[in-house]
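Below is one structure, written out as structure tokens; comments come after it.
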Amino acid sequence: MRDFLQSLSKGVAEETISPLFLPHLKELLKIKAVVKHKNIVSFDTAYKAGKIDIAFSGTGFLTPFETSDDKDILIEASSLYGASRGDLAVVKLSSHQKGGKRPKAVVVYIAQRAFLKSIVYTKMQKGKVVGINIKNEAIHDLSASQKSLKQLPFGSVLKIDNTNGSIEEVLGVLDDPTVDEKISLALFDKNEFFSKEAEAEAKSHGDSVDKAYYPERTDLTHLPFCTIDPVDAKDFDDAIYFDVQNYILYVAIADVSEYVYDMGPIDKEAKERGFSIYFPHKSIPMLPRSLSENICSLKPNVDRLAFTFKITLDKLTCKPIHEELMQSVIHSQKRYTYEKIDLFLNGKTDDTDAADKTILEYLLPLYALTQKLRAQRLENSFEFRSSEVRMRVDENQNLLSTTIEAETPSHGLIEDCMLLANKAAAKRLSFGIFRTHESPSFERMETLLNDLAIIGINVKLSVHLPKMIQEIQVKADALNIRDEVDKLIIKSQKKAIYEPENKGHFGLGFDSYTHFTSPIRRYSDLTLHRLLKAESAQNEKKLKFLLTDITSLCEKISLLERESDKVAWDYMDRKFARWCALHVGDNFKAIVTETQRNPIAKMEDEIKGARIFLLDTDVELLQRVEIKIVESNIATGKIYARVTRKFDV
């Protein structure tokens with residue numbers, strides 16, 4: 001499509017145009033955007049073709065395909081007429097501003113949609129019911145009759161087909177807080193429910209395991225495994241046991257591939273989902289709940305199938321000296337929360353039963369071991385303070401409170417056990433699916449250091465980036481801005497992705513790394529399990545089949561990972577916006593987190609983590625400010641404020 005539109009900018013013989021694009025040519029001729037001279041067709045001088053971009057404010061811009069145009073063309077939100085970010089469109093220039101200002105235009109034809117669906121809410125405009133795009137407030141004409149549209153409550157949230165404006169689904173009403181999860185899922189084309197075929201396949205596996213049916217598996221049911229997870233977790237991917245005397249760590253992972261067959265109904269849907277999505281009040285699982293929360297989940301006091309690494313460690317160096325991967329049956333003895341394990345690690349072991357005492361006999365020595373492992377790892381890498389905003393909502397999904405969940409010793413214990421298993425898995429494949437993280441460019445590091453210098457953190461650029469980052473973090477600690485600086489460092493780096501070739505993991509300082517430990521909630525891990533089973537069985541035919549199109553699968557999973565994160569963030573933005581809509585005119589404390597383009601602050605008050613778009617531009621990075629909420633747009637999830645007071649950086 002791009003080539004076709006570019007050819008019209010220069011002029012092209014009509015007979016050379018592919019039949020595929022002739023319907024588009026016909027429409028463009030009809031609206032007189034294209035003129036014909038003899039047999040050459042080209043755009044009229046008042047028309048331009050290009051790619052649409054849309055700012056946070058909702059204003060659109062067209063980047064013309066013609067390289068001679070050095071300025072993007074401005075399109076007011078009301079002139080987008082349903083165009084969205086990424087669309088290829090034709091616009092009509094409405095005016096050229098004097099003084100070298102940006103030209104303006106209106107969208108007259110959308111040649112190719114970046115997205116096939118849009119989420120809109122209904123609004124009366126000039127006596128007509130139209131759809132207002134949830135993302136950018138562009139106006140959409142709806143194909144339904146005005147009579148039927150007026151039957152709907154104003155503010156009805158609709159999923160529409162961008163190609164013809166038809167309504168595919170009514171999601172709810174904008175005033176209802178429970179519509180937010182539906183909007184967030186629909187924006188990224190995510191489904192909550194599974195097909196009847198997938199549910200039937202999942203339930204066919206039953207809800208119990210009889211180890212007598214698996215004589216070929218290694219029986220580990222005599223070992224006192226335990227799981228450690230968040231308090232609200234319902235699916236348990238991993239369990240651990242440590243043989244203190246022989247210094248052997250067992251990391252048992254739910255054997256999902258035993259239940260999810262290649263190309264079956266569950267597999268097809270899991271591949272499209274890629275990841276589980278977590279909202280404050282519920283999860284949208286990658287697998288049907290009868291698998292993810294039942295037969296696959298390593299629940300306590302029941303037998304479960306597992307894919308287990310048995311890792312023998314050197315007692316002096318703590319490094320692995322032997323790694324064995326086995327298909328096993330385990331019987332977890334306890335399900336712990338992070339909070340409970342933190343109490344144990346802090347010496348509060350009074351309230352324990354017999355099972356607790358058995359597990360503590362290995363858990364406490366294992367914690368000491370993982371601390372040594374972490375110290376070794378940080379010699380050539382670095383770690384970030386993992387502080388996540390946890391949101392609590394009521395039964396109507398109104399925001400009640402937020403808390404900052406920081407990493408605790410129990411998190412570190414589990415993380416380092418999982419890292420050992422992930423590294424062991426990566427060693428077993430030369431080609432397949434790896435978790436890779438490239439080192440950042442020196443240009444990005446220079447930009448980071450320049451930003452940090454403004455706030456008093458002066459560090460010289462070094463070829464040894466991990467040591468340089470550690471130096472930054474030490475100085476950030478001294479200024480009590482470690483969490484904020486860690487976020488800036490993360491933004492300066494490339495994203496970790498999935499790739500079929502091993503390229504190492506810069507952030508962790510590992511030469512080889514993959515994801516093995518969460519097959520219930522990540523399709524990458526499920527894929528890896530299948531590859532490892534084929535490799536262990538020396539099944540070259542199966543291995544070849546699994547590696548077919550592995551490159552495109554890795555790319556797809558990387559994209560789905562970003563989308564699943566965006567769904568969760570979008571939902572939180574909407575909850576923050578509803579809360580702030582009740583507090584317009586109120587003042588709150590915040591910290592400036594971004595100063596380029598639109599200045600942004602994060603609220604640090606009774607509610608934490610809300611993203612605020614500042615209407616002031618004279619603010620400094622990481623400056624602590626007091627803000628007054630000016631507007632909160634529930635539809636877009638955007639909050640706007642002005643700075644009323646500045647504190648010292």
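Some values worked out for this structure:
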quantity: Contact order normalised by residue count of the stretch 583-646, Cα under 8 Å, 6+ apart, percent; calculated: 34
quantity: D (Stokes-Einstein, µm²/s), Kirkwood Cα radius, the stretch 2-112, 0.692 mPa s at 37 °C; calculated: 231
quantity: Pairs of lysines in the stretch 299-350 (C-alpha under 18 Å apart; 8 or more residues apart or interchain); calculated: 5
quantity: Unit Cα scatterers, Debye sum, the stretch 235-384: log10 I(q)/I(0) for q = 0.21 Å⁻¹; calculated: -1.33
quantity: Square roots of five times the Cα gyration tensor eigenvalues for the chain, Å; calculated: 48, 31, 26
quantity: Filtered trypsin sites (Lys or Arg not before Pro), the stretch 472-544: DSSP coil and at most 14 other beta carbons within 10 Å; calculated: LYS494, LYS495
quantity: Residue-averaged [θ]222 nm for the chain, counting only DSSP H segments that reach four residues, each worth -39500 (n - 2.57); calculated: -9500 deg cm²/dmol
quantity: The chain, relative contact order [Cα under 8 Å, separation at least 6], %; calculated: 10
quantity: Prolate/oblate/rounded call for the stretch 118-175, Cα gyration tensor, a/c under 1.5 rounded; calculated: rounded
quantity: Trypsin sites (Lys or Arg not before Pro) within the stretch 584-649, DSSP loop, no more than 11 other Cβ atoms inside 10 Å; calculated: ARG597
quantity: Protection proxy ranking of 142-148, 177-183 - average other beta-carbon atoms within 10 Å, highest first; calculated: 177-183, 142-148
quantity: Lysine-lysine proximity count for the stretch 444-539, Cα under 14 Å, sequence distance 8 or more or distinct chains; calculated: 5
quantity: Relative contact order [Cα under 8 Å, 6+ residues apart], the stretch 550-608, whole percent; calculated: 19
quantity: Listed residues SER118, HIS331, VAL244: farthest to the positive end of the dipole of the chain (Cβ charges); calculated: SER118
quantity: Label point distance in nm, LYS282-LYS126, each placed 7 Å from Cα along Cα→Cβ; calculated: 4.0
quantity: For the stretch 415-518, convex hull of alpha carbons as volume per residue, Å³; calculated: 107
quantity: The stretch 583-646, Rg to Rh (Cα coordinates; Rh as Kirkwood inverse mean 1/r); calculated: 0.92
quantity: Listed peptides 85-91, 419-425 by packing density, highest first (mean Cβ within 10 Å); calculated: 419-425, 85-91
quantity: Cβ-placed point charges (K, R +1; D, E -1), dipole of the stretch 118-175 about Cα centre in debye, nearest 20; calculated: 260
quantity: Size of the stretch 155-273 as Cα extents on the principal axes (Å, biggest first); calculated: 66, 31, 22
quantity: Dimensions in Å of the stretch 304-400 - Rg and Dmax from alpha carbons; calculated: 18.3, 55
quantity: 5 angstrom amide H check on ASP87, placed H, neighbours 5+ away; calculated: ILE52, ALA114
quantity: Coil-residue GluC sites (Glu not before Pro) of the stretch 602-649, DSSP, other Cβ within 10 Å capped at 16; calculated: GLU606, GLU620
quantity: Cα-based reach from LYS575 at 22 Å (exclusive), listing lysines while leaving out same-chain residues under 8 positions away; calculated: LYS123, LYS135, LYS159, LYS182, LYS190, LYS282, LYS566, LYS589, LYS602, LYS608, LYS628, LYS638
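None of the figures in this text is laboratory data; all of them are computed from the coordinates on show. Computed from a prediction, not measured in an experiment: that's the story for all the values here. Here Cβ is always computed from backbone atoms with ideal geometry, including for glycine, and neighbour counts include all displayed protein chains.
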